[in-house]
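Colleague: Would you mind keeping the following structure in view while I ask a few things?
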Amino acid sequence: MDKSMTKTILRCIGVLIILLAFGGGAAVLQAAEIAVKDGQKIAFLGDSITASGWSNQTGYVNLTIAGLKANGIRVFAIPAGIGGHKSNQMLERLKRDVLDKKPDWMTLSCGVNDVWQGSQGVPLDQYKINITAIVDRCRAAEVKVVILTATVIGEELDNDYNKKLASYNEFLRSLAKEKRYLLADLNALFQKRIKIIPKSGRLLTSDGVHMNPAGDKVIAEGILRAFGLNHAQIKKAQDAWMEISGSLNLRAMVEGINENLPTGRHYLPVIFPHHRMVAMKKGTNPFRIEQTFG
């Protein structure tokens, strides 16, 4: 075999290696699946943030469910958030509120009250014991867990509460790594958003702890990414959330209209640029939305 033939063969081998490296990597990416499957049940264990995430239509629990549905995955929620609860209380009610209902998955949101309640909270050493017991009992019951780091206690990231919360979150990260649980690092997401976006007042919370609509969206996005949704799938979820928000905005506008509004045509260019609202009858608030064009 002459030298030119040898060089040609070596070039072909080199190209093949590159194609395998990049093509193989793409194949792996394409083969990656969303962890949660159609028809499964997800329990959401937590405190008031989670309770509100279910009771509010734009809360993070409902957004998570809607985001999965937008990507063809219909799941069933098991709400298990109770206001003020800490890790010890969640451990006590785990069997009743989660395990007895046979979920496939459970998201665990716990830590804010353990720190925020001060002397009535849960010290870090005991918190570690409680959280480890919760996830171990889930594993024994064949319930898969997504660990959520605690968000923030006040949007002043350098306050004493957040400094103390950091060690609780470090434990959650290490526990997820050790036991190979999915992790939604919400605290990191919140810190990033709060640091980079100029703001006056609160950005992601209504009172420093409980979520406003923007905060709920950050939490839901973090959970969906932990489940394995990619950028395009997250975009589908966000589009679905916009429809939910638009519907609620429209309802609020309709309900807030003066009952003495005369019958006639009125326009909603901000929410629905191609639709108009028609007041059908005074005093009874039965409005109709008509498409104008497009």
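Colleague: What number goes with the only condition from (1) touching a residue at least 60 places away in the same chain (Cβ under 8 Å); (2) over 15 Å from the mean Cα position of the chain (by Cα); (3) under 19 Å from ALA188 (Cα atoms) that ILE134 does not pass?
Modeller: (3)
Colleague: Here is a further query. Inside the range 70-123, can you point out the residues that are touching a residue at least 24 places away in the same chain (Cβ under 8 Å) and among the polar types (S, T, N, Q)?
Modeller: Scanning the range 70-123 gives ASN71, SER87, ASN88, THR107, SER109, ASN113, GLN117.
Residues checked against (1) more than 20 Å from ARG225 (Cβ to Cβ); (2) assigned to a loop (DSSP other than H, G, I, E, B):
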site: LEU63; (1), (2): no, no
site: GLY67; (1), (2): no, no
site: GLY84; (1), (2): yes, yes
site: ASN88; (1), (2): yes, no
site: MET106; (1), (2): no, no
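Colleague: Hey, could you check the range 143-181 for residues that are closer than 21 Å to LEU94 by Cβ and under 13 Å from the mean Cα position of the chain (by Cα) and say which is surrounded by the fewest Cβ atoms within 10 Å (Cβ to Cβ)?
Modeller: VAL146
Colleague: For the range 197-205, indicate whether the set of residues that are part of a helix (DSSP H, G or I) and surrounded by fewer than 16 Cβ atoms within 10 Å (Cβ to Cβ) is non-empty.
Modeller: No, the range 197-205 has no match at all.
Colleague: Could you check the range 60-77 and list, in sequence order, the residues that are out of contact with any Lys or Arg (no Cβ under 9 Å at 6 or more places or on another chain) and buried (at least 24 other Cβ atoms within 10 Å of the Cβ)?
Modeller: Listed by number, the residues that qualify are VAL61, THR64.
Colleague: Can you tell me which residue among ALA35, ALA80, ALA43 is surrounded by fewer than 17 Cβ atoms within 10 Å (Cβ to Cβ) and modelled with pLDDT of 95 or more?
Modeller: So the residue among ALA35, ALA80, ALA43 that is surrounded by fewer than 17 Cβ atoms within 10 Å (Cβ to Cβ) and modelled with pLDDT of 95 or more is ALA35.
The values are calculated or read from the model by the stated rules, or taken from the named source; none is laboratory data. Everything numeric in this text was worked out from a predicted model, so none of it was measured. Neighbour counts run over all protein chains shown; Cβ positions are idealised from the backbone, glycine included.
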